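Since every read-out is calculated from the coordinates, none of them should be taken as a lab result. None of the values given here were measured: they were computed from a predicted structure. Here the Cβ is made from the backbone with ideal geometry for all residues, glycine too, and neighbour counts use every protein chain on show.
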Amino acid sequence: MSYSDLSKSINELIESHGIPKREVYLDNENSGLIIPEVLKAIEDAYKWDGKGHPSITHLMGWISYQSLYKATESIASILNCNPEEIVYTHSGTEANNLAIMGSAINSMRRKILISSIEHLSVIFSAERLERYGFKVMKIPVDKEGFIDLEFLSKHIDKETFMVSVAAVNHEIGTIQDIKAIADIVKGKDKDILIHTDACDALGRIPLDMKKLGIDLASFSSHKVYGPKGVGALYVREGIKLESIIHGQLSTQKLWPGVENVPGIVGFSRAVEFMHKNLRENVLKMMELRDRLINNILERVNHTLLNGPFGDKRAPDNVNISFLYCEGEALTVELSLNGIYVSSGSACTSRVLEPSHVLLAIGRRYEEAHGSLLMKVTPFHTVSDIDYVLEILPKVVKRIRFMSPIKPSEG
Amino acid sequence: MSSRVPLTYGKKVLELFRNPKNLGKIEDANASALAGSLACGDMIAIYLKVDELNEKIIDAKFESYGCAANIAAASILTEMVKGKGLKDAWRISWRDISDELGGLPSVKYHCGILAVGALRRAIRAYYANKHSEWLPKDLTQEERHALEEEKLMEVLAKRVQRSLSNE
């Protein structure tokens, strides 16, 4: 299919789909809404204080630098670190690449430990190092996604330059004990770097860089309902990273290029918004999450929750396998009903295999194919969740009806 | 989740997904077959009612476990074979299915291949105890593809089980 055929086909597809009467957007894993006041702040920044280049010596440059610095101070105070310790990137993926590649280049050691359920930007960065003689070891997880601390303790050695484990898993919401991981690793060898992909942790759990005892942490703006295209890496003072992209002008050496000042302003506003009422937001998300999880498990047969129940689960994460259903069919049928979610099915992936996270926690292929990932936000209402609960059982019923293999009790 | 592609298929796929034609079983089918598996994430069952006198397909139905393109491919194939002789039905290729659906994106070609694989298995099942002059002895590419997909999944599933029990 050529590019022009593709755009024609997309147009027809959208027209044929139509705009549903009621919509509930739950695909916040992949991207989603932006907080309205954040959008307004970005618009203002583009018009005024974010339009200049923050490294240039004239009034608009200075004003732009001032905006950038204010935004960074605000984020740093929330994370309990120094503004100098924040490096901006253009996504969480870039931040993960910088953390891993940037420290590998600088290290004499040749081994990295990552968990088996990391985001692919961590896994692929680590695996790329294998081509240059590095060893990658994957820490196994239990059936709820918690990493095996004994395995970690046993396998760190003098060759290890980094341990990278996400604070909150992006697919199944498992909240790892990063402090315990840091204590184990640093207790053995304080020169081993601890990196955490905190993209799904920010705004969901309190994050204090000093207390956690980590060296590097990645963040992503759109995961806190800020703009897309902005990420950040916390780099603890004294940690030496090497830039992995090269250029000229920037206020920061590690990520040369014009800072996306309006985007960064938006990111800082979104972080502020989420932390101003962190507890309230978290409680609201948990209520919606549990309403969704408990009712689905109760009302729909042959379902499995992926990841832990309760307090060790991210407050926004709902990941459920619907057996005898293929996930992509579910996402399309839900879309026709105005409900937008994603799936760990192989059909939604470029590779033949379904979600590596679900396989790592011991789910069988067919269980992974039938999984749906939904993320609630503090902006959803009980009525949104109830609409999903009204539609979802019907959707599952129809998809199961079409299959040659059906559950025994219908 | 990680790498995904948008559903770039034509509107015909969405229409057939919404209102599939010929969905269900044929109770008195005289040929039927299954291709794919739950583990693959793709499975198509084809049921045929064949007029034994002239070897024409009078009725065809399907069931499908898989994505929207998979369901649409199976549905359109049952439309295409109705009224055809078995020999003509055998000649339908996955490209014909793709064309009928307004062009499948490359990642969905295998949906068409699996549908053809299931149909050809059903036709072979029809001839299981009968003589045919034209039926190829060796498996065709589409049938091999279905077989390979099923086998690959067995291997992958075993590999996952192994790696879980090792650690």
- Message: Which chymotrypsin sites (Phe, Trp or Tyr not before Pro) in segment A:64-163 sit in a loop by DSSP (not H, G, I, E or B) and have at most 10 other Cβ atoms within 10 Å of their own Cβ?
- Response: A:Tyr132
- Message: Looking only at Cβ-Cβ distances, which cysteines of chain B have no other cysteine closer than 4.7 Å?
- Response: B:Cys40, B:Cys111
- Query: Can you list the residues, at least 5 places off or on another chain, whose amide H is less than 5 Å from the amide H of B:Asp42, using H built in the peptide plane?
  - Reply: B:Ser37
- Message: What is the distance in Å between the Cα centroid of segment A:213-234 and that of segment B:141-155?
- Response: 42
- Query: Say each of A:Ile245 and A:Asn30 gets a label point 7 Å from the Cα, pointing the same way as Cα to Cβ; how far apart are those two points in nm?
  - Reply: 2.3
- Message: Taking amide H atoms as placed 1.01 Å from N in the peptide plane, list the residues 5 or more away in sequence, or in a different chain, whose amide H sits under 5 Å from that of A:Thr89.
- Response: A:Gly231, A:Ala232, A:Leu233
- Round to a whole angstrom and tell me the spacing of the C-alpha centers of segment A:10-55 and segment B:19-75. 42
- HN-Hα J couplings of segment B:75-83 from phi, Karplus 6.51/-1.76/1.60, θ = phi - 60°, integer Hz, Gly and Pro as x? 5, 5, 5, 5, 5, 5, 8, 4, x
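Could you work out [θ]222 nm for chain B from helices alone, using -39500 (n - 2.57) per DSSP H run of at least four and dividing by all its residues? Round to the nearest 500 deg cm²/dmol.
Numbers: 6 runs with 78 residues, N = 167.
Calculated mean residue ellipticity at 222 nm is -15000 deg cm²/dmol.
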- Task: With r as the distance between the Cβ atoms of B:Ile58 and A:Lys188 and R0 = 60 Å, compute the FRET efficiency 1/(1 + (r/R0)^6) and round to 0.05.
- Result: 0.25
- Three-way shape label, chain A, alpha-carbon gyration tensor, a/c 1.5: oblate
- Quote the Stokes-Einstein diffusion coefficient, in whole µm² s⁻¹, for segment B:91-146, based on the Kirkwood radius over alpha carbon pairs, a temperature of 10 °C and a viscosity of 1.306 mPa s. 132
- Message: Under a crude label model (7 Å from the Cα following the beta-carbon direction), how far is B:Glu154 from A:Ile405 in nanometres?
- Response: 1.4
- Computed over segment A:1-88, the relative contact order (Cα-Cα under 8 Å, seq sep at least six) in percent reads 12
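Determine, from the Cβ-Cβ distance of A:His17 and A:Glu159 and an R0 of 45 Å, the FRET efficiency 1/(1 + (r/R0)^6), rounded to the nearest 0.05.
0.25
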- Which ³J(HN,Hα) values in Hz, rounded to whole numbers, follow from the phi angles of segment B:132-149 under the Karplus curve 6.51 cos²θ - 1.76 cosθ + 1.60, where θ = phi - 60° and Gly and Pro get x? 9, 7, 9, 5, x, 6, 7, 5, 7, 4, 5, 5, 5, 4, 4, 5, 4, 4
- Note on the structure: Yeah, segment A:20-72 with a ≥ b ≥ c from its alpha-carbon gyration tensor (a/c under 1.5 is rounded, else prolate when a/b outruns b/c, oblate otherwise) is prolate
- B:Arg91/A:Phe309 FRET efficiency (R0 35 Å; Cβ-Cβ; nearest 0.05): 0.05
- Task: Quick one: which residues, 5 or more positions from A:Asn106 or on another chain, have an amide H under 5 Å from its amide H? H modelled 1.01 Å from N in the peptide plane, none for Pro or chain starts.
- Result: A:Glu242
- Give me the distance in nm between label points sitting 7 Å out from Cα along the Cα-to-Cβ direction at A:Asp148 and B:Glu133, one decimal. 6.4
- Where does each of A:20-33, A:267-280, B:108-121 land if you order them by average Cβ count within 10 Å, highest first? B:108-121, A:267-280, A:20-33
- Item | Shielding by partners - mean other protein chain Cβ count within 10 Å, residues of B:64-75 | 6
- Query: Can you work out ³J(HN,Hα) from phi for every residue in segment B:86-95, in order, using Karplus 6.51 cos²θ - 1.76 cosθ + 1.60 and θ = phi - 60°, giving whole Hz and x for Gly and Pro?
  - Reply: 4, 5, 5, 4, 4, 6, 5, 9, 5, 5
- Item | chain A - mean residue ellipticity at 222 nm from DSSP helices (-39,500 (n - 2.57) per run, n ≥ 4, rounded to 500) | -13000 deg cm²/dmol
